[in-house]
Amino acid sequence: MNVTPPKRRRTLVRTVATFLTLLLIASGSAWVLTDTAGNRGKAAFDVTGALPASVLLHVDYDGGAAAKNSRQLALCELWSEPQMQAFVKPALEVLNGMTDQFSQQMAEEVGISLNDIETVGKSKLTATLVDFNMQENGQPDVDLLLTLDLAQDRSLLDRILKVVKDQLEQNAGATVTTIDLGGSQGMMTNMEGVDLIWAPMGNHLVLGTKVGTMSAVLARMKAQSTVGGLLENQNFVKARAKAAPTGEPVLCAYADVSRFLALGKKMAGHDWDEIAPMISLMGYDSMKDFTYAVSFEGRAVVDRMWIGAPGGLGGIYSSFKHSKAALRSPQMAPKDSFVYYGLRMNLSELANNILTGLDQLDPSTGVARQVDDAIAEADRNLGFSLVNDLLPSIGQEMAMWIGKAPFGGMIPEIVFAIEMKDKAKFEACIDKARQRFDEHAIVKSFDFMGRKLTYLDTGVVVNGPNFGPGMKPCWIMEGDFMMLSLAPQTLKNFLAAQNAQRESFRDNADINDALAHLKRFNPEGGQDALAYVDLGSVLTMLADTAGPILQSVHMPAEELGFEIDMNQYPTGDVFRRHLFGLSMTSTMSNEGMLAEIHSPMGYATTIGAIAAGAGMFFAIADEEYFDGPSDDWDDDSGWEEVEPVEEVEPAEEHEGEDK
């Protein structure tokens, strides 16, 4: 029996992990990439309308919408590329063989195949937390509903019902009985003190924990009536329309924030008085509901989050401002910015809200006093008031960006742009600081291209008369904006690039495509906050860098179980054609806040893939993850054992012989 040496085993696992990670990035995690079936027929009656009108939490997944709208996704187009198909073909053949075998075994032993599970994945599922309370004995009292819409596949529903009953009776030792649910027949068992009830209704399967709730839902489904159902909840209908304007979300989650807060207050008892000020500071008490939805829209996955707040958001959220005009800072940022973030915020109002909220906390914590003391100390050192002088002089728009050095340098252009509301008041604060630190002469100025650049020479304070490092944060006034950088050279290059009429971020194709799409449903999108990350370039760089590395690794087919021809690895242009940047907007109103994210993979998927990949590689890098710590140099496999050479005594020297 051949045993793979530790060194080769670690190399093999790293190689396979790298391959699988790249495969995950290329293919995503959804079955829609390889599915060729069309959209399944939707049921005439939307089961959402039969659910209770008042709920704590509702989540629904629509596999039909996923199948229908996935074909144009950038990930699907990338997956369909000839180079990508040639590269993954061997692995897919092995995977298909394994799944076929497993599916057959599962069908024989359980009664449900992988094809059945895939059918469930293409159906519509809902999960609803209707109510939740803590009983006097400390046990939770949960009113929960689950529904499964199998469209026209009633035979699969019957098989699922049989499997559920068999598993409960044979494996869990539960007793399953029949129960009348308002004229509909269902099944019931008790699992550790919690009633579990389920019943078919047409091609739907409904599961719940409360007889009364189940009976009312089944009655509405039987009559195909929405009277008294969730679709009569106008807050839910409005929130869903905001988060899923296309009407075909793949995933949608709705939470009644006001009911959750009421529940939390009830459970916290007297402790609520200590929590309430922080709840108010964060603006949670002004929220009615929160909704998150994911939709497939053209080439992009679009995530939307709606926070409903009749009368507008309070707390720190009230400092974020709405405007009918577009942001001006994108005109100053370079077209090829790797990162851009701009927003409207009243810093003076934000500071006052935070200080007011801290004053309402329990004085025994001492937090408010510590903050007040720190601000007072800073005011004395600077010679002006941060809260009363500096912050009121600053306007609402502010931005930052990271872009390529305009003239080919390796250090990127990192600039902060802050709108000035009262330049004279701001400059007065700077003059007071200059006078305060005049003995060190750390505030200095020089002219460039007819402009005055001011900077802080921190090296004077750090090193005194000695040679040493020292940051020189620098700023200039550009119209009614203050431009701030970490070094004077950055702003000098910025001015030179502006003078050369370089293209601005407004000319960025990714952000323009995203805004054109999002504004179809939200005409004011991007006017209050706009963010961008050049995700397409990052993913393409990572994928293209991995190619030569993987091609330099030997991958024996006998150990992998299939052949990986790394010469078939896709070229960088294949990834670049289909991957684009992640764009995000947010819009404030007197009804709440809407955040929208437009990307090739989806926000949650992007974060999840990065986290999963990082976790995998960190785990693999840990030597203890394997059989135990070992030294690669200790592995002597492949070396022939050689008999030790017998040492020979040197011959004795004789007089007269040449030495």
The number of residues in region 337-375 that are open to solvent by 60 Å² or more (accessible area, probe 1.4 Å), part of a helix (DSSP H, G or I) and either in contact with an Asp or Glu (Cβ under 6 Å, 6 or more places away or on another chain) or within 19 Å of P392 (Cβ to Cβ) (or both) is 4
Mind telling me which of the residues M410, M471 ends up being within 37 Å of the chain's Cα centre (by Cα), at pLDDT below 85 and open to solvent by 30 Å² or more (accessible area, probe 1.4 Å)? M471
Quickly run through region 198-227 and pick out the residues that are among the basic types (K, R) and touching a residue at least 60 places away in the same chain (Cβ under 8 Å). K210, R220
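Does A333 meet the test of being of a type outside the set (D, E), open to solvent by 20 Å² or more (accessible area, probe 1.4 Å) and closer than 29 Å to D510 by Cβ?
When the stated conditions are applied, A333 does not pass them.
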When you go through A405, A399 one by one, which is the residue that is in a loop (DSSP other than H, G, I, E, B) and farther than 21 Å from I354 by Cβ? A405
Do we find that G547 is in contact with a Lys or Arg (Cβ under 9 Å, 6 or more places away or on another chain) and either open to solvent by less than 50 Å² (accessible area, probe 1.4 Å) or farther than 24 Å from E397 by Cβ (or both) in this structure? no
Verdict on A91 being over 23 Å from F260 (Cβ atoms), of a type outside the set (V, I, T) and surrounded by 14 or more Cβ atoms within 10 Å (Cβ to Cβ): yes
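Report yes if V47 is more than 23 Å from the chain's Cα centre (by Cα), open to solvent by less than 30 Å² (accessible area, probe 1.4 Å) and modelled with pLDDT of 75 or more, otherwise no. Give the derivation first.
Details: more than 23 Å from the chain's Cα centre (by Cα): yes; open to solvent by less than 30 Å² (accessible area, probe 1.4 Å): yes; modelled with pLDDT of 75 or more: yes.
In short, yes.
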Whether any residue in region 505-527 is basic (K, R), assigned to a helix (DSSP H, G or I) and closer than 19 Å to A300 by Cβ is what I want to check. no
Name the single residue that is least open to solvent (accessible area, probe 1.4 Å) among those in region 376-404 being small (G, A, S) and over 30 Å from E503 (Cα atoms). S393
Conditions (1) of a type outside the set (D, E); (2) within 27 Å of T213 (Cβ to Cβ); (3) touching a residue at least 24 places away in the same chain (Cβ under 8 Å); number of the one not met by K122: (2)
Confirm whether T128 is over 30 Å from G572 (Cβ atoms) and at pLDDT below 80. no
Every residue from region 206-264 that is more than 30 Å from R520 (Cα to Cα), among the charged types (D, E, K, R) and in contact with a helix residue (DSSP H, G or I) (Cβ under 6 Å, 6 or more places away or on another chain): R220
Within region 516-544, work out how many residues are open to solvent by 20 Å² or more (accessible area, probe 1.4 Å), in contact (Cβ under 8 Å) with a residue 60 or more places away in the chain and touching a Gly at 6+ places or on another chain (Cβ under 7 Å). 3
Find the residue count for region 252-295, including only residues that are among the hydrophobic types (A, V, I, L, M, F, W, C), within 22 Å of D141 (Cα to Cα) and open to solvent by 50 Å² or more (accessible area, probe 1.4 Å). 3
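The values are calculated or read from the model by the stated rules, or taken from the named source; none is laboratory data. Computed from a predicted structure; not experimentally measured. With ideal geometry, Cβ positions are generated from the backbone for all residues, glycine too; neighbour counts draw on all protein chains shown. Surface accessibility is based on the protein's heavy atoms, side chains included, excluding ligands, DNA and RNA. Shrake-Rupley method; radii C 1.70, N 1.55, O 1.52, S 1.80 Å.
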